[in-house]
Every structure is written in structure tokens, then in C-alpha cells.
1. Being among the hydroxyl-bearing types (Ser, Thr, Tyr), surrounded by 17 or more Cβ atoms within 10 Å (Cβ to Cβ) and assigned to a helix (DSSP H, G or I) is the filter here; which residues of the range 117-145 pass it?
2. Output the residue which, of all residues in the range 9-47 that are hydroxyl-bearing (Ser, Thr, Tyr) and touching a residue at least 24 places away in the same chain (Cβ under 8 Å), is surrounded by the most Cβ atoms within 10 Å (Cβ to Cβ).
3. In this structure, does ARG142 turn out to be over 26 Å from THR78 (Cα atoms) and in contact (Cβ under 8 Å) with a residue 40 or more places away in the chain?
4. Collect the residues in the range 97-113 that are closer than 23 Å to LEU31 by Cβ, surrounded by fewer than 18 Cβ atoms within 10 Å (Cβ to Cβ) and either modelled with pLDDT under 85 or not aromatic (Phe, Trp, Tyr) (or both), keeping them in residue-number order.
5. Please find, within the range 177-235, the residue that is modelled with the lowest pLDDT out of those that are aliphatic (A, V, I, L, M) and either more than 23 Å from SER151 (Cβ to Cβ) or surrounded by fewer than 13 Cβ atoms within 10 Å (Cβ to Cβ) (or both).
6. Residues VAL155, VAL148: which one is surrounded by fewer than 16 Cβ atoms within 10 Å (Cβ to Cβ), farther than 27 Å from THR79 by Cα and among the aliphatic types (A, V, I, L, M)?
7. Do you know which of the residues in the range 159-169 that are crowded, with 18+ Cβ neighbours inside 10 Å and part of a helix (DSSP H, G or I) is nearest to the chain's Cα centre (by Cα)?
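The values are calculated or read from the model by the stated rules, or taken from the named source; none is laboratory data. Treat the numbers as computed from the prediction; the structure is a model and nothing was measured. Using ideal geometry, Cβ is built from the backbone for each residue, glycine included, and neighbour counts are taken over all protein chains shown.
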Amino acid sequence: MTGQPARQCRILVVENNDEIRSALAAILESLGTQVTAMNAPAEALAREDFNQFDLIISDLTGVPTAQAELVRSFKIGTTSSEIRCDVQRLQKIIETALSFKLQRIDTTQQIAYVREKIDLELPSDLSLMNIVLEYLLDRVARLGMIEVEQSNLFVALDEAFVNAVKHGNRNDPTKLLRVTAELSAHEAVFTVEDEGDGFDVREIPDPRDPANLFKSNGRGVLLIYNIMDEVEYSQGGARLKMVKRPETGTPSN
């Protein structure tokens, strides 16, 4: 008995730059995905079949403001509560899209005028979070605002992702993890939100207490507080906001 052929992942690309839109669509199609490319967000959202797409990738180009800043918005997210692609396919799609994005980094002369917002909404799978983590660290490093290797930023973000996937969403792939990064030359603001029941951070055992020496609970949260400049839990503990700034208060470049 022969099995059914694997279903193609359906991707919606929304981008107003013709060259970028065509290039990204071609790259994703080469992975065996079914891509629909559009240039207007409002028209994309109004599609009757919008919820039939597995992922949306949007706003890959920047928009200059009156203050001479280059504001970029980049999003990879689900369009419905059901992801029909398997995790291995999603890994390749997301990795390819993020790699494509990294190829279009600003020159050093533009760094001080760049503000970027990255929105990611993905299933609760740590393999996907590893791809996201590497991308975010690369973006921070290329913006030149923080010395990533000296900042322990990897540790803080990794702990936040692991806590959200394992403890928040209980490794349930049907529950989503939402990650937002707002980056500039002055600070990096990260938000990690899960769909779990939340928790009271005040009830976590203090791992520095000798009585808790052999307990793993609380060590990740303590590391996050020690590494980040600001930490705030909200929505009953299901939403974590973290802020990291350059050591000197100015960009490292």
C-alpha cells in the first residue's frame, strides 16, 4: 500500500519591493512549497483563503521616516491555529527565510538610524526556537549595539525560550510561541509569550538558598534577571519582557 504524498506547505509572502518579493518566492518554491506573493498587506488579509496558508512572511523592506530613521518590520507567523507542515519542513522554510533576510543588512553607516521590529509566531518546538535564537543574536551583533559574546544574551534568550516551550506550553506543538524583538542602536527589547497557564514568579524557589542547592527550578529565571537590564513578567507569567542595553549606553561600533 502506498502512502499519500506529503502535502505542500502553503506560504504567503507580502512585500512591496518587486525584486525582493520575487527572489524570496523563488527560493521558497525551490524547497517544494506553494508560494503566493502579494505586495499589499490589506489585500493579503482580505483573502478568503487567508487561513489556509501555513505561514505568512511579510514586510521584508524598510520604510524611512521623517526623522531620517529606517524603520523595518519583519514577521513570520501562522495564519491559523493549525500548522499542516511537519516540523522538518518548517525548520527549512524558516531557516531559509531568515537567511534571506540577513543577506539584506544595512551598511555600517546606516546602523545608528535603523529601528527594527521582528515578530515571530511559531509552534512550540525547541528546534524552531534554536533557529530563531541564532537569527536574533546575528541581528543584534550586526547592528553593533551589543557585544553578543560578552553579554550572555544567548543564555538569557535560550532560557526564556526553553521555559516558554517546556513549562509554559508543556511542549504542546498546537500551542504557539510569540517572540517579538525591537532593536535599535540604543537597546534591544525582547518579548516572549506562551499560551500556557502562567505562574507567579514570586513563588519560584530561590536557587541561591542552600535548601534549594540540588533543585533546578528557578535557575533560568535568575539568570535572566542577572543578564538583562530590565525584566518584567505579565499576563499571569505567560508574557516575559526583557531589555538589554549596551554597557556604555552607546552602540559598540
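1. Matches in the range 117-145: TYR135 only.
2. Top of the filtered list is THR33.
3. When the stated conditions are applied, ARG142 passes them.
4. If the condition is that a residue be closer than 23 Å to LEU31 by Cβ, surrounded by fewer than 18 Cβ atoms within 10 Å (Cβ to Cβ) and either modelled with pLDDT under 85 or not aromatic (Phe, Trp, Tyr) (or both), then SER99, LEU102, GLN103, ARG104, ILE105 are the ones that fit.
5. LEU213
6. VAL155
7. PHE161
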